[in-house]
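*Asks:* I have a structure here, written as structure tokens, and I will follow up with some questions on it.
The values are calculated or read from the model by the stated rules, or taken from the named source; none is laboratory data. Computed from a prediction, not measured in an experiment: that's the story for all the values here. Virtual Cβ from ideal backbone geometry, glycine too; neighbours counted across all protein chains shown. Accessible surface is based on the protein model in full, side chains and every heavy atom, while ligands, DNA and RNA are left aside. Shrake-Rupley method; radii C 1.70, N 1.55, O 1.52, S 1.80 Å.
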Amino acid sequence: MKRVRILFLCVGLIGLWIVGSWNIASAEYPERAIEIIVPFGVGGGSDTAARAVAEGLKPLLKVPLVITNMPGGAATKGMLHVAQQPADGYTILAVTTSHLIDAVQPKTRAHILRDFDPIMRIQWDTTTVFISAESKFETLKDLLEYGKKNPRLLKFGGTSPGGWAEIQTVAFFKKLGVEVTFVPFAAGAETKAAILGGHIHGACEELAETLPLVKAGKLRAVAVIMEKRHPALPDVPCTAELGVDYTHGLMRAWAVRKGTPPDRIKYLHDVIKKALDAPVYKKFVQDNHLYARPGYLSPEDTRRYWEDEVRFFTGVLKELGYVK
Amino acid sequence: MLEHYLTAFSTIFLPQNLLALCLGGLWGLMAGALPGISTSMGVVLLTPFTYSMSPLTAFTILVSAYCGGITGGSITSILFGIPGEPSSVPTVIEGHSLAKQGRAAYALWVFLLCSIGGGLFSVFVMMAATPLIANFALQFGPPEYFGLTMLGLSVVSGLSGGSVLKGLISCLFGIFLATIGTDGITGVERFTFGTTILLGGISFITAMVGLLAVSEILIEAEEPFQQYKGSVDYKGMRGEMPRVSEFKRHWLILTKSPIIGTVIGALPGAGATIAAFLAYGEAARSSKNPEKFGHGAVDGLMAAECANNASTGGSMTILLSLGIPGSNTTAMLIAAFMIHGLQPGPLLLGQRPDIVYGIFVAMLMANLFLLGLTIIGIRLFLQLNRLPYSVFSVAIMILCVVGAFGLSNNMDDIYLMFLFGLIGYYMRKYSFPIAPAVLGLVLGNLAELSLRRTLLLSLGDPLILISRPISAILLAASIFSILYPLFKRPKALKSV
């Protein structure tokens, strides 16, 4: 009798356990911390951008939000890490244009188009072409004249060799018929110090990073790479005005591993979209002058945009002879 | 100007700012002392808490944490032999040697007084000559950086201890390590063997922790259950106070090193590490008993600590005057500036003098505050010295593993760290000095990149290196520094 009772008790307990765990399994997503992998170091542009979004996102989530920096290998190390995590929506990758350039000739086994599903594009930044304020050149036209007469003598600096900064600089000038020498530096600070010291002519960098020094009269912006003038620099001509059909800008997006359940992607999309309206993030957009072009794109549009960009970069890299 | 300083001083003594100084300093000390959290990480983690503070209080707490982090890193270096930042490698070599001889308290006193002194010196220079230093730093282009790295590498003979040949081999090994990873000019992978482990290159911290700390534990483990050498003849803080005469004897080093630190700290990308090594190497070169270097030379510790901390002022100088961050941590401070609607740069001094002078004064006060905080804190740390080495080494190993993992939250770095631990073990066994390898690793990359940048600028013409005055002077100085021991040695032999 006793044995039977114990047996019943056991069966009952096991039943409870199954029902309980079944309940847990169907518990609402998210039920534990969500991790955002930033494939760059602490304090960089991508890191501060991700942290700004996260500040707006934290109050909207019931679970903790963790930002993990995983720099290395031109942002591919972090990408590979996310590609190896389970596709459960608990690991998010902060994507930048670097990953789209990497997709032309992947450094690792991870491929941004094949292995990831975008949640949304968050930012679309503007590049400025700038030189030292003490430079003998006044306008982009002066630069181009000099550059056309003296191929390779025009020296432009920037970060990420073979990555975004180099491709943007070289491709932009190529489009204008000028062959520049690209001098890679380890950080934006070093590039700017080299320009101010007169060691190189200029650089193409994101607007927010150069604006303070432009406003202070130390640097001179000669063009913004965009289809219209930037409100923060109303006196600087845009490329469309100069008759150049080149408007590419640095993109920042968030993505999860391919195969993540669509309802989880939708949940993340909706909650992050709400976070973009938070005052903390709005202030970040103001401070970094990201309002000139709409940053947000829906998941489907982001994918289409990515595919277009990868196609564009494939062409550029082939033309420049970086890939065969 | 004077009135700005008066206002700044009166605001810093507001209770909330004093509290900020204290809390920021404590937080920084903790972050710096734990190898898993770097100084810049400490500042990042603190930043969100400053959103709601008034700008000056926010910067007081951040700047205080910055100074505290640099100070805290040296405590771990001396007591545990784990370098928190590349710039504290000389401190590990000399300070930890002293600690092993049972003179931990003495090493801590010297470090504390020198680093606070160096910090204060650089703050005064920053107050007086911000635009001057910034303009001088701008004269440094790629050719000058190359000259600087050559000067840095030339001190290798001073670091080699007994055999210069072994020192050179060790240094070349370090330079080789620096070539691993993604090439900084073309973006091509080198020596990665198709793996992702080495794609980002070998990080300084991983290699340093492995070569210096892990290898030491392996060596010590050969004699099991031995008492920790530090606990033999252990003396407290009071008994080990250095005498004034000792500082008087090294007055030349104590004036040279902070100047080196402040000037080189202002160079973006060079900063504290090169400053510490240059000052250390210079001390080794000019020392009367160079054979003591590597075995607890006080003058080496003094030089490295002065220069290391003086670089904070240099790096803030260029941040405040040009808006260009000289180090990772100051890059983080820029983000903090922007949160409070401020834009660091040439305009800031005119627009918000209260903030700029407030930061000057906050740095000054933070350095003084840290003196008190550390003296109290060190007593607690010193108690660890009484642990038997079998327990102590386990704790150090845990800190090493956490530190390597915390770099990029990746297991790869832990594997690499143990590999370097083995390499360091054999280097010690065959008496290859380790400092030159670290020097090569730290400077090799910068040397290579700046040389290649230089040649890109000159379209392949190497004459640019000697046609520019600063670069020519630096290269001449490094040649002198290499040849100097050759002329010095015969004299020493005569006296023997």
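*Asks:* So how do A:90, A:291 rank on accessible area, 1.4 Å probe, biggest first, that is with the largest at the start?
*Replies:* Ranking A:90, A:291 by accessible area, largest first, yields A:291, A:90.
*Asks:* Moving on to the next point. Using the structure shown, select from A:107/B:429; A:107/B:166; A:136/A:282; A:107/A:192; A:136/A:324; A:107/A:215 the pairs with a Cα to Cα distance greater than 32 angstrom.
*Replies:* Going by Cα-Cα distance, A:107/B:429; A:107/B:166; A:136/A:282; A:136/A:324; A:107/A:215 fall outside the 32 Å limit.
*Asks:* Suppose accessible area is computed on protein heavy atoms with a 1.4 Å probe; arrange B:22, A:238 from highest to lowest.
*Replies:* Descending order: B:22, A:238.
*Asks:* Follow-up question, since we're still on this one. Pop a pseudo-label 7 angstrom from the Cα along the beta-carbon direction at both residue A:85 and residue B:409 and give the gap in nm to one decimal.
*Replies:* Inter-label distance under the simple model: 0.7 nm.
*Asks:* If you line up the long axis of helix A:164-175 against the longest principal axis of chain A, both from Cα atoms, how many degrees apart are they, to the nearest 10?
*Replies:* Approximately 40 degrees, to the nearest 10.
*Asks:* Most fluctuating residue of A:67, A:112, A:131 in a GNM of chain A with Cα springs under 10 Å: which is it?
*Replies:* So, out of A:67, A:112, A:131, the one fluctuating most is A:67.
*Asks:* Per residue of A:112-123, how many C-beta atoms from partner chains lie within 10 Å of its own C-beta, taken as a mean?
*Replies:* Per residue, the average neighbour count from other chains is 0.
*Asks:* Now a separate question. What is the antiparallel percent of DSSP beta bridges lying wholly in the protein assembly as shown, to the nearest 5?
*Replies:* In the protein assembly as shown, approximately 60 percent of DSSP beta bridges are antiparallel ones.
*Asks:* So what is the 222 nm mean residue ellipticity for the protein assembly as shown from helices alone, if each DSSP H run of at least 4 adds -39500 (n - 2.57) and you divide by all residues, rounding to the nearest 500 deg cm²/dmol?
*Replies:* -19000 deg cm²/dmol
*Asks:* What Kirkwood hydrodynamic radius do you get for the range A:190-314 when you take the inverse of the mean 1/r over all pairs of distinct Cα atoms, in Å?
*Replies:* Mean inverse Cα-Cα distance, inverted, gives 17.2 Å.
*Asks:* How much of the accessible area of the protein assembly as shown, probe 1.4 Å, is carbon plus sulfur, in whole percent?
*Replies:* Exposed carbon and sulfur together represent 65 percent of the surface.
*Asks:* Looking only at other chains, what is the average number of their beta-carbon atoms within 10 angstrom of each beta-carbon in B:135-147?
*Replies:* Counting Cβ atoms of other protein chains within 10 Å of each residue's Cβ and averaging gives 3.
*Asks:* Just how much of residue B:292 is accessible, in Å², when a 1.4 Å probe is used and the result is rounded to the nearest 10?
*Replies:* Accessible surface of residue B:292 is approximately 90 Å².
*Asks:* Rg and Dmax of chain A over Cα atoms: what are they, in angstrom?
*Replies:* Computed over the Cα atoms of chain A, radius of gyration and Dmax are 24.0, 103 Å.
*Asks:* Taking springs between alpha-carbon atoms closer than 10 angstrom, which of A:232, A:253, A:165 fluctuates most in the Gaussian network model of chain A?
*Replies:* Greatest mean-square fluctuation among the candidates belongs to A:232.
*Asks:* Okay, next question. If you project the alpha carbons of the range B:4-56 onto their three principal axes, what span does each projection cover, largest first, in Å?
*Replies:* Taking the Cα atoms of the range B:4-56, the three principal extents are 39, 21, 18 Å.
*Asks:* Which one of B:73, B:465, B:296 is farthest out on the positive end of the charge dipole of the protein assembly as shown, using unit charges on Cβ (Lys, Arg +1; Asp, Glu -1) and the Cα centre as origin?
*Replies:* Going by the Cα projections, it comes out as B:296.
*Asks:* What's the Kirkwood radius of the range B:56-131 in Å, using all Cα pairs?
*Replies:* 13.4
*Asks:* Something else: Just by accessible area at a 1.4 angstrom probe, what is the order of B:390, A:135 from largest to smallest?
*Replies:* B:390, A:135
*Asks:* Where is the GNM fluctuation largest for chain A (alpha-carbon springs, 10 angstrom cutoff): A:261, A:237, A:161?
*Replies:* The residue that fluctuates most here is A:261.
*Asks:* Would the range B:101-180 count as rounded, prolate or oblate if I go by the C-alpha gyration tensor, calling it rounded below 1.5 in a/c and otherwise prolate when a/b exceeds b/c, oblate otherwise?
*Replies:* Taking the square roots of the gyration eigenvalues as a ≥ b ≥ c, the range B:101-180 is oblate.
*Asks:* Oh, and also: Accessible area drop of at least 10 Å² (1.4 Å probe, protein heavy atoms): which residues of the range B:155-196 qualify, relative to the chain alone?
*Replies:* B:182, B:184, B:185, B:186, B:187, B:189, B:196
*Asks:* Right, here's the next one. Express the Stokes-Einstein translational diffusion coefficient of chain B in µm² s⁻¹, to the nearest whole number, given a Kirkwood radius over alpha-carbon pairs, 25 °C and a viscosity of 0.890 mPa s.
*Replies:* Here the translational diffusion coefficient equals 107 µm²/s.
*Asks:* Right, another one. How high is the relative contact order of the range A:127-225, in percent, with contacts defined as C-alpha pairs under 8 Å that are six or more residues apart?
*Replies:* It comes to 47 percent, rounded to a whole number.
*Asks:* Right, another one. With every protein chain left in place, what is the accessible area of residue A:242 in Å² (1.4 Å probe, nearest 10)?
*Replies:* 80
*Asks:* Taking chain A as the reference, fit the longest principal axis to its C-alpha atoms, fit the long axis of helix A:2-25 to the helix C-alpha atoms, and give the angle between the two in degrees, 0 to 90, nearest 10.
*Replies:* 20
*Asks:* Which order do the peptides B:63-75, B:174-186, B:435-447 take when ranked by the mean count of other beta-carbon atoms within 10 Å per residue, highest first?
*Replies:* In decreasing order of mean packing, B:63-75, B:174-186, B:435-447 become B:63-75, B:435-447, B:174-186.
*Asks:* How big a patch of accessible area, both sides summed and in Å² to the nearest 100, lies buried between A and B at a 1.4 Å probe?
*Replies:* Accessible area lost upon association: around 3500 Å².
*Asks:* Further, regarding this structure: Averaged across the residues of A:70-76, what count of C-beta atoms belonging to other chains lies within 10 Å of each residue's C-beta?
*Replies:* If you average over the peptide's residues, the count of other-chain Cβ atoms is 6.
*Asks:* Continuing with the same structure: Which whole-number percentage describes the relative contact order of the range B:250-347, with Cα contacts under 8 Å and a sequence gap of 6 or more?
*Replies:* 33
*Asks:* For residue B:422 and residue B:386, what does the FRET efficiency come to when R0 = 35 Å and r is the distance between their Cβ atoms, rounded to the nearest 0.05?
*Replies:* My answer for the efficiency is 0.70.
*Asks:* Can you report the principal axis dimensions of the protein assembly as shown using only the alpha carbons, biggest first, rounded to whole angstrom?
*Replies:* 103, 80, 59
*Asks:* What spacing in nm lies between the two simple spin-label points modelled at residue A:320 and residue A:174, each 7 Å away from Cα in the Cβ direction?
*Replies:* Distance between label points: 0.6 nm.
*Asks:* In the full protein assembly as shown, how much of residue B:164 is accessible to a 1.4 Å probe, in Å² to the nearest 10?
*Replies:* Taking all protein chains as shown, residue B:164 has close to 60 Å².
*Asks:* Additional query: Which value, in nm² and rounded to one decimal, describes the direction-averaged projected area of the C-alpha convex hull of the range B:280-411?
*Replies:* 12.4
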